[in-house]
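First up is the structure itself, then whatever we jot down about it.
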Amino acid sequence: MRYLFFGFLLLSFGGYAQPGSTLLKWNTEGTSYYKVKEGSIVRVDLPESRETVVVAADLLRPVGHGRPLNVRDFSFSADGRKLLVYTNAKRVWRYDTRGDYWVLDLGKRELLPVGRERPPASLQFAKFSPDGSRVAYSSEHNVYVEDLSTGLAKCLTSTGGTPKLINGTFDWAYEEELDCRDGFRWSPDGQHIAYWQIDANKIKDYLMINTTDSTYPFVVPVEYPVAGESPSPYRIGVVDVVTGVNRWLDIPGDPQQTYLPRMEWAANSTELVLQQLNRKQNESKLFLGEVATGRTTEIYDERDSAYIDCKDVWQGGVIAGWDWIAGGKEFLWVSEKDGWRHVYRISRDGRKEVLVTRGDYDVMGLSRVDEKGGWLYFLASPANATQRYLYRTRLDGKGAAERLTPLSESGTHSYDVSPGARFALHTYSSANQEERQEMVGLPGHVSLAKATGGDGGGVKKKVEFFKVRTVDGVVMDGWMVKPAPFDSTKRYPVVFYVYGEPADQTVRDEYGVGNNFLYTGDMAADGYIYLSVDNRGTPAPKGRAWRKAIYRQIGRLNIRDQAMAAREILKWPFVDSSRVAVWGWSGGGSSTLNLLFQYPEIYKTGIAVAAVGNQLSYDNIYQERYMGLPQENREDFVAGSPITYAKNLKGNLLYIHGTGDDNVHYQNAERLLNALIAAGKVFSFMAYPNRSHGIYEGDGTRRHLALLYTDFLRRNCPGGGR
């Protein structure tokens, strides 16, 4: 490894993005990327994968500190003269999105803190201005801009004296269900910042009770709109970073009956592009907004009889960014309007569109737009909904898509494709092959170095995939791990792992499926058949009709699909129909309860973790997207809720919930318990004090949860062939 230090770095580097936006930090040309190694910032040049230290760890040691900063993330200014470092990261709901920031001036070799007047670990989403002279950040619900030459910071927004008027970031529901976190954007010319303002004062607080962290319990309020409650109203402001003058955009529609999940600069510094969803999330409108006047113009309108997904659904939770092409005259747009998730190129005024990806398949994610080469790189799997591969097609929509992943490498593949699409970091695995990673050259998919990973001792159990056709004619994918050793003349207990809702699919051909992280031991060695099937409504790449069949049917259609699949599986000669268990977490916990309550003749044992017992108690964005509005079809919410069927319990139930769950509130548990008690049902219950939805906080928590799970399963659904 060579050590190299310049007065400044000659590179053009993208701005600081929302966490998770990319795996690698590519330079603009796509010929190298940057990473943290042993505390230093290292450049990796391709195709040789030659590493050069460009910022030594010692330069990241603040004056008076004994050790260098622990670099959680970083970005360079566009001119390469400064480095922005994110450290001391703290959790905000799901992710570690607040912390401290430091700027290293590479020419002066000077490291200084950003936001020194702000509380420690309170800064969010800091990013350089386009010219690198300033840094903007959010802190305690306000947006600030700091002049790096003077160290002076200016607050550009106001909370109005309330902590629930949120500028530059989002409330709980927007973050949880729309993946909105980073709520402000620099204009390309660096003169303005556009930002969201969310007024959570309009939202009722859900009061969680903390009984463990002090002698006297105290409440923890969370602004949480349940199904049927209006969302937080929003505004989009544009502020001049020099004068502080702010202008609000005039956006049509009631801001408390719509959502605004996307906002970006429209390939210039004079206009913004916005996406607005109606309350039901089945109509999407795009607007162009003029910064000078605040006036907006609708350019595109799309409707769906069920719901419309946002970008984060197919882009790995990343909702930021907008794919402009042709110098800002067109943009790429993803829609399911022809029955498949496809990419279109839309003219700036919305009047012309061209289908780019053609065929009966779903685009599973966009990997790179190579406008110079005329290609769109994307992920798809036309022949197998459990897998994923890299394809490319012409940006003009002419010709068929071509698969770039080698045909010999079946499984699930992900790619971080470089600008210019010459290289990609390729990560791949299958259910029976451990994950491996390599850098490849494109389009030939030529490996540039030996793949790493896959050295964990090999696959210890064999996962088999199958299809099952139900009495309703629904064909479902599934995986199964059989007992080892396996005797086909014996009958074994079966344990179903279920999720079953639109947020996730469980049947994927990737390493890790077939492993039960809550079972302390080896399920196969203990004589269990462990399996999972994906019902209609799960987000498998099987077309719009498959995914949206569940609309207004959560708790019914998905439950019937699962039960009818189970009935077919119980006909297999090696399955013991008297020993059938099911388990799941969150939405999977809800499915577990519904299966146990609605089909007690099939499922004899169930373990439900952090389940939604009553759909009317869950947040409005998620539940209304898939179920409609309670004011219009409340009966569907009731008919899909486990609490409605609690009186039917016949088998063995273990219900588990954390009392500090801010997502699926503990109220769900206590109301379900009351229904079971009223019906005279005997069951087992475990409450984890002050644990969140993930039930992991505190010493020994996960081990205890696993011991509890395993003991209950073994006692009520014993393993072994008979």
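Quick notes
- Leading residue by the ranking (modelled with the lowest pLDDT) among those in the stretch 1-18 that are open to solvent by 60 Å² or more (accessible area, probe 1.4 Å) and closer than 23 Å to GLY420 by Cα: LEU10
- ASP254 falls short on exactly one of the conditions (1) out of contact with any Leu (no Cβ under 6 Å at 6 or more places or on another chain); (2) surrounded by 21 or more Cβ atoms within 10 Å (Cβ to Cβ); (3) over 17 Å from PHE184 (Cβ atoms), and that condition is (2).
- Close contacts from the stretch 87-102, counting a first residue that is open to solvent by 60 Å² or more (accessible area, probe 1.4 Å) and a second that is among the small types (Gly, Ala, Ser), with Cβ to Cβ under 8 Å and a gap of 6+ residues or different chains, come to ASN88/GLY99; ASN88/ALA121; LYS90/GLY99; LYS90/ALA121; TYR95/GLY20; ARG98/ALA89; ARG98/ALA121; ARG98/SER122.
- Residues within the stretch 399-421 that are at pLDDT 95 or above and closer than 19 Å to ARG368 by Cβ, tallied: 16
- In the set VAL363, VAL318, only one residue is part of a loop (DSSP other than H, G, I, E, B) and modelled with pLDDT under 95; that residue is VAL318.
- Remark: pairs (first residue in the stretch 700-722, outside any helix (DSSP H, G or I); second residue open to solvent by 10 Å² or more (accessible area, probe 1.4 Å) and aliphatic (A, V, I, L, M); Cβ separation under 8 Å; 6+ apart in sequence or on different chains) = GLY719/MET523.
- Flag: ARG235 matches the condition of being at pLDDT 95 or above and more than 24 Å from the chain's Cα centre (by Cα).
- Residue match in the stretch 138-161 (condition: open to solvent by 20 Å² or more (accessible area, probe 1.4 Å), closer than 23 Å to TYR206 by Cα, in contact with an Asp or Glu (Cβ under 8 Å, 6 or more places away or on another chain) and part of a strand (DSSP E or B)): no
- Residue in the stretch 27-47 that is most open to solvent (accessible area, probe 1.4 Å), counting only those that are outside any strand (DSSP E or B) and in contact (Cβ under 8 Å) with a residue 40 or more places away in the chain: GLU29
- Positions within the stretch 72-124 being part of a strand (DSSP E or B) and among the basic types (Lys, Arg), in sequence order: LYS82, LYS90, ARG91, ARG98
- Candidate set: the stretch 163-180, residues that are assigned to a loop (DSSP other than H, G, I, E, B) and open to solvent by 30 Å² or more (accessible area, probe 1.4 Å); chosen: the one nearest to ALA503 (Cα to Cα): LYS164
Here's the yes/no breakdown for (1) modelled with pLDDT under 95; (2) open to solvent by 10 Å² or more (accessible area, probe 1.4 Å); (3) in contact with a Phe, Trp or Tyr (Cβ under 8 Å, 6 or more places away or on another chain); (4) not polar (S, T, N, Q):
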position	(1), (2), (3), (4)
GLY658	no, no, yes, yes
PHE683	no, yes, yes, yes
ASN716	no, yes, no, no
GLY719	no, yes, yes, yes
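- Single match in GLY327, GLY339 (criterion: under 30 Å from GLN505 (Cβ atoms), surrounded by fewer than 15 Cβ atoms within 10 Å (Cβ to Cβ) and modelled with pLDDT of 95 or more): GLY339
- Scanning the stretch 349-374 for residues that are surrounded by 15 or more Cβ atoms within 10 Å (Cβ to Cβ) and in contact (Cβ under 8 Å) with a residue 60 or more places away in the chain yields GLY350, TYR361, ASP362, MET364.
- Yes/no for TRP102 being hydrophobic (A, V, I, L, M, F, W, C) and at positive phi: no
- TYR622 meets the conditions (1) touching a Cys at 6+ places or on another chain (Cβ under 7 Å); (2) closer than 24 Å to THR659 by Cα in every case but one. The failed one is (1).
- Qualifying residue in the stretch 626-642 (condition: modelled with pLDDT of 95 or more, assigned to a loop (DSSP other than H, G, I, E, B) and out of contact with any Lys or Arg (no Cβ under 8 Å at 6 or more places or on another chain)): yes
- When the stretch 469-499 is limited to residues that are over 19 Å from TYR528 (Cβ atoms) and either among the polar types (S, T, N, Q) or outside any loop (DSSP other than H, G, I, E, B) (or both), the one that is most open to solvent (accessible area, probe 1.4 Å) turns out to be ARG469.
The values are calculated or read from the model by the stated rules, or taken from the named source; none is laboratory data. Keep in mind the model is a prediction, meaning the values are calculated, not measured. Note that each Cβ is placed from the backbone with ideal geometry, even for glycine, and that neighbours are counted across all protein chains shown. Surface accessibility is based on the protein's heavy atoms, side chains included, excluding ligands, DNA and RNA. Shrake-Rupley method; radii C 1.70, N 1.55, O 1.52, S 1.80 Å.
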